[in-house]
Every structure is written in structure tokens, then in C-alpha cells.
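Colleague: This structure is in C-alpha cells; I'll ask about it shortly.
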Amino acid sequence: MNLLEVNSVCKTYGSGETAVNALKNVSFTIPKGEFAAVIGESGSGKSTLLNMIGALDTPTSGKVWIDGNDIFRMKDEKLTIFRRRNIGFIFQAFNLIPELNVEQNITFPLLLDYKKPDQAYVEEILAVLSLTDRRNHLPRQLSGGQQQRVAIGRALITRPMLILADEPTGNLDSQNSNEVISLLKTASKRYQQTIIMITHNRSMASTADRVLQVSDGVLTHLGVYAE
């Protein structure tokens, strides 16, 4: 079963002679529980594609379905709630709240949705991410790798169907990068979550179940599976 379907998505910024075609007729599907990587150079359109999938931006034309939902036909309020409950985001810059400790940062998305955290699941996430003994630490007391693990935990806490990771290892050294990729793969298999990771690192991409490539706004490789 496909969790994600992207159909003929185009994105153009500007108009006339200054128009930039960031995405050109992009179509692909991702099955539930798959860990996919999207590779491409800076400016290739890969982050624009992630923003379309995550409904952080709207396409000029085309459609995106998540679990059978045509997300751009939703009204703004419904889309905001759908995104908050069903899509987890992991960014290169971590984006942790400096005044909140590890556990509070992880559970913050639930509080935004007026939901009480499932403490057993919180404990499981802290254990899986090796953060149990750091639960009361503030972000400034953590290493870069630990901060990215907190960001992963925050993405997992709502049990989203889809996790979108934009260059999640961009600010990390090679050891921490490998640990983050391993954690994402664990999340995909353990919680049956679909994960799409944007990266320019082909070595990192090769660990995914599927590798897609974007070049000049065009999806050039489709259904290429890593060994």
C-alpha cells in the first residue's frame, strides 16, 4: 500500500523572464514503512519537493496524497491539524526550544495538540534514542548528535505516518551522522513509519530502501533501490 503519492507536481517561483521552475512534473509513490532518500545538489529542487510533501508550501500544479488524503484540497485549519498529527519534521538546524529540557522538547508537539503524553511511549523513545539519562538536560547541555536525537524523538512522539528529514546529518560529524541514519532506519522498521530523507550525501543515501534523484527540478531516478 502506498502511503505517499506525488502526481505531476510543478512549482514555479516568479513569472515571465524571471520565473524559476523549481519542480517540473514530478511523480512518484512511496509504500508504507519505506525509508527513501532523495539526493541532489544545492538548488536542485529537493528541499522544495520536501516542502510540497509536508504542505509547507503549495505546488503551482499537481497533487499530493498522504494515506489517501488529497492534502491540498483541505481547508487551511484542517490541513494544519492533519500535518501536526500525521507528519513529523526533522531539520538540519534541530530547532529545539532552548528553555525546555529533552523530555519537554520531545513531548511539545502533543501539548500543542492538547494531548497528554503516553508516558510509556515517551520512555520507549528516550530509551531507543539513548536519551534516558539526558531527559532533564537543556539543549545547550547536549552535543550536536544528542540534539538531533531529541529532534528525532520530537518527530516520533505523535506517531506520524510520515517523517520528513531535511539534511538531518548536515551539522554532524561522521560518527553522529551514522548514528542518526541508523536511528531513522530503526524508526522506519520498528514503528512502520514512512521516512523521506533529503541529502546531498550519496553515501548516506545508499543506506535507504529507495533512492530518488532530483536534478534541475526533474526527478531523474525512480525506483532505484540501494544494496
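Throughout, read-outs are computed from the coordinates displayed, never taken from laboratory work. Bear in mind the structure is a predicted one, so any value in this text is a computation, not a measurement. As a convention, Cβ positions derive from the backbone with ideal geometry for all residues, glycine included, and neighbour counts pool all protein chains shown.
Colleague: Kindly provide the set of residues from the range 82-121 that are assigned to a helix (DSSP H, G or I) and under 13 Å from the mean Cα position of the chain (by Cα), ordered by number. Walk me through how you get there before you give the answer.
Modeller: We begin by selecting, within the range 82-121, every residue assigned to a helix (DSSP H, G or I); these are 82-86, 102-112, 119-121.
Answer for the range 82-121, where residues must be assigned to a helix (DSSP H, G or I) and under 13 Å from the mean Cα position of the chain (by Cα): ARG83, ARG84, ASN86.
Colleague: Right, something else. What are the pairs, 6+ residues apart or on separate chains, where a residue within the range 14-36 that is touching a residue at least 24 places away in the same chain (Cβ under 8 Å) and assigned to a strand (DSSP E or B) has its Cβ under 7 Å from a residue that is surrounded by 13 or more Cβ atoms within 10 Å (Cβ to Cβ) and of a type in the set (Asp, Glu)?
Modeller: Listed pairs, sorted by first residue: THR29/GLU5; PHE35/ASP209; ALA36/ASP209.
Colleague: In the range 122-163, how many residues are among the polar types (S, T, N, Q), in a helix (DSSP H, G or I), out of contact with any Ser or Thr (no Cβ under 8 Å at 6 or more places or on another chain) and under 24 Å from SER188 (Cα atoms)?
Modeller: 3
Colleague: Which one of these is surrounded by 21 or more Cβ atoms within 10 Å (Cβ to Cβ) and not hydrophobic (A, V, I, L, M, F, W, C): GLY88, GLY68?
Modeller: So the residue among GLY88, GLY68 that is surrounded by 21 or more Cβ atoms within 10 Å (Cβ to Cβ) and not hydrophobic (A, V, I, L, M, F, W, C) is GLY88.
Colleague: Does the range 118-149 hold any residues that are touching a helix residue (DSSP H, G or I) at 6+ places or on another chain (Cβ under 8 Å) and either among the acidic types (Asp, Glu) or closer than 26 Å to PRO31 by Cα (or both), and which are they?
Modeller: Within the range 118-149, GLU123, ILE125, VAL128, LEU129, GLN148, ARG149 qualify.
The rows are residues; the columns are (1) out of contact with any Asp or Glu (no Cβ under 8 Å at 6 or more places or on another chain); (2) closer than 27 Å to CYS10 by Cβ.
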| residue | (1), (2) |
| --- | --- |
| ILE163 | yes, yes |
| SER177 | yes, no |
| LYS189 | yes, no |
| THR194 | no, yes |
| ILE198 | no, yes |
| ARG202 | yes, yes |
| THR207 | yes, no |
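Colleague: With touching a residue at least 24 places away in the same chain (Cβ under 8 Å), within 22 Å of SER47 (Cβ to Cβ) and β-branched (Val, Ile, Thr) as the only criterion, which of ILE157, ILE163 stands out?
Modeller: The conditions single out ILE163.
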